[in-house]
Ligand code: FBP
């Protein structure tokens, strides 16, 4: 619909690319994720820095959105995620993300897009598929785009492919996300530009964004990874720990923006 197309533009610049800040970690991993730079446990403090640095969009759960929404600029894309799990659950139940909020409430909070995770290959895949289909149906009905965090994850994947980052499973997850109706996909790095290009192909034109992952030792290592994503035809990145676990998130964001939007050489971007 027109609404979906218009709202997707909130995230992507004219070049069709986006850098989005992810901050659902207090729930999905627990507040310990903020320990490297403890002041960032306050959503207002980190959000202020991230927005000042010029981020294109942000992703949060509903409760923290309420706390941090005043820090956003009018044109900052707001993605509200409606599924998660805690790490307090028994290990084998961590292969399920549960619904924790509702589309209408996310829209009242000002969301431009709704997000939900599916762990493709999980023993609970069926539950997450239905959950995603229901959330997507509500969102689309109201003219809102739906973002899928398409994460292959589960015992059979490890047995058959050796890793959840194997491009064959990552591209399967991305394609499954397209087939179920996602307007944007966030997924793992597959280890090389060539393999990530296959993931992009499998998504058949639906934008594919990198899921940041654990903080790299040096900022330039992460910039190189994002550069390869862009070279592979990726639409950008959704980044959490590589931003908020750094003492100075602003230079990192500015460097990431140069790589995402200008294909700038990572070493140069890091220096600037
Ligand atoms: P990061 O850039 O920190 O990896 O954030 C992206 C993200 O998908 C978060 O939205 C989420 O909380 C986290 O990664 C989940 O990571 P995992 O499931 O791999 O533990």
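Annotations
- Segment 58-172 has equivalent-ellipsoid semi-axes of 28, 15, 14 Å, by the square roots of 5 times the alpha carbon gyration tensor eigenvalues, sorted largest first.
- Shown is the FRET efficiency for residue 2 and residue 67, computed with R0 = 30 Å from the Cβ-Cβ distance and rounded to the nearest 0.05: 0.40.
- Inter-site label distance for residue 126 and residue 89 at 7 Å from Cα along Cβ, in nm: 1.6
- Unit Cα scatterers, Debye sum, segment 151-214: log10 I(q)/I(0) for q = 0.13, 0.19, 0.24 Å⁻¹: -0.30, -0.64, -0.99
- Spin-label model, residue 263 to residue 163: label points 7 Å out along the Cα-to-beta-carbon direction sit 2.7 nm apart.
- For 130, 66, the sequence from fewest to most other C-beta atoms within 10 Å is 130, 66.
- Highest mean packing comes first when the peptides 221-229, 10-18 are listed by Cβ atoms within 10 Å, giving 221-229, 10-18.
- Size estimate for the chain follows the Kirkwood approach: the inverse of mean 1/r over distinct Cα pairs works out to 18.4 Å.
- For segment 108-211, the spread of Cα positions along each principal axis, largest first, Å: 42, 29, 22
Every number in this text was worked out from the coordinates using simple rules, so none of it is lab data. Here the structure is a predicted model, which means the values were calculated and not measured. Here Cβ is always computed from backbone atoms with ideal geometry, including for glycine, and neighbour counts include all displayed protein chains.
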